[in-house]
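Asker: Input: one structure, supplied below.
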Amino acid sequence: VEFSNDVLSRLYIMVKPDGVQRGLVGEIIKRFESKGFKLIALKLTAPGKAHLEKHYADLKEKKFFPGLIEYMTSGPVVAMVWAGKNVVKSGRVLLGETNPLTSAPGTIRGDFAIDIGRNICHGSDAVESAEHEIALWFPEGVAQYDRAVDAWIYE
Ligand code: RTP
């Protein structure tokens, strides 16, 4: 695993409408929180089609795109930003594979999902896309605060 581009980064994650409906928001927050990552932004929001088409712009040629947009606009989502060492790569480990079928037990998708089109939670796939997504979902900006516990998490 290559971590060089990824130290002290920020990750955008989003509990999708199925995760919100199924009451998994707290479970997902808990996993990132107990891992040691720092929550710096959080909101429940019901984005429109145009906003989600921007978020998923790189997938617009895919045949599953219309179904993806329909799914993502079917209810509110919970948008969050987490900060920490290697949080993008580490966060994707917590989430599991895009397809829950190949996600290990212990991961969010491995534990709570069956279908790729109902996979509970989004996570940015790279540091650059995370920054792009944070600007898209939190134009108002994110929090900045110190945590004394960091000394017990990082050597
Ligand atoms: P995400 O953005 O949600 O974290 O997912 P990802 O990067 O792991 O996967 P990506 O390829 O970017 O796909 C985005 C979301 O589209 C849905 N999808 N459906 N039916 C299909 O074949 C298919 N493939 C992807 C999933 O909800 C996926 O998370």
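Readers should treat all values here as calculations from the given coordinates under stated rules, not as data from a laboratory. It should be emphasised that the depicted structure is a prediction, and the values quoted were computed from it without experimental measurement. For neighbour counting, all protein chains shown are included, and Cβ atoms are generated from backbone atoms with ideal geometry for every residue, glycine included.
Asker: Just in the stretch 1-109: which chymotrypsin sites (Phe, Trp or Tyr not before Pro) are loop by DSSP and have at most 15 other Cβ atoms within 10 Å?
Answerer: Qualifying residues, ordered by number: F3, Y56, F64.
Asker: Right, another one. Mean separation of Cα pairs under 8 Å and 6+ residues apart, divided by the residue count of the chain: what relative contact order is that in percent?
Answerer: 35 percent
Asker: In a GNM of the chain with a 10 Å cut-off on Cα contacts, which of D125, D111, D58 has the highest mean-square fluctuation?
Answerer: D58
Asker: Taking one equal scatterer on every alpha-carbon of the chain, how large is log10 of I(q)/I(0) by Debye at q = 0.16, 0.19 1/Å?
Answerer: With one equal scatterer per Cα and no solvent, log10 I(q)/I(0) is -0.90, -1.29.
Asker: Dipole size in debye (nearest 20) for the stretch 102-155 around its Cα centre, Lys and Arg Cβ +1, Asp and Glu Cβ -1?
Answerer: 280 debye
Asker: Moving on. In a GNM of the chain with a 10 Å cut-off on Cα contacts, which of A50, A113, A135 has the highest mean-square fluctuation?
Answerer: A50
Asker: How about the stretch 1-98: which trypsin sites (Lys or Arg not before Pro) there lie in a loop by DSSP and see at most 16 other Cβ atoms within 10 Å?
Answerer: Listed in order of number, the matching sites are R22, K60, K62, K63, K85.
Asker: Can you give me the C-alpha center-to-center distance between the stretch 1-65 and the stretch 83-155, rounded to a whole angstrom?
Answerer: If you average the Cα positions of each part, the centres end up 6 Å apart.
Asker: What is the spin-label model distance, in nm, from E140 to W152 if the labels are put 7 Å beyond Cα along the C-beta direction?
Answerer: With each label placed 7 Å out from Cα toward Cβ, I get 3.1 nm.
Asker: May I pose another question? Excluding residues fewer than 8 places away in the same chain, name every one of the lysines whose C-alpha is closer than 23 Å to that of K62.
Answerer: The reachable lysines, counting only those whose Cα sits under 23 Å from K62, are K16, K49, K54.
Asker: Can you find, among I114, I69, P17, the residue sitting farthest towards the positive end of the charge dipole of the stretch 1-130, where Lys and Arg contribute +1 and Asp and Glu -1 at Cβ?
Answerer: P17
Asker: Nearest 10 degrees, 0 to 90: what angle lies between the long axis of helix 127-137 and the longest principal axis of the chain (Cα atoms)?
Answerer: With both axes taken from Cα atoms, the answer is about 70 degrees.
Asker: How would you rank T107, T45, going from fewest to most other Cβ atoms within 10 Å of each one's own Cβ?
Answerer: T45, T107
Asker: Using DSSP to define loop residues, name the GluC sites (Glu not before Pro) in the stretch 87-149 whose beta-carbon has at most 14 other beta-carbon atoms within 10 Å.
Answerer: E140
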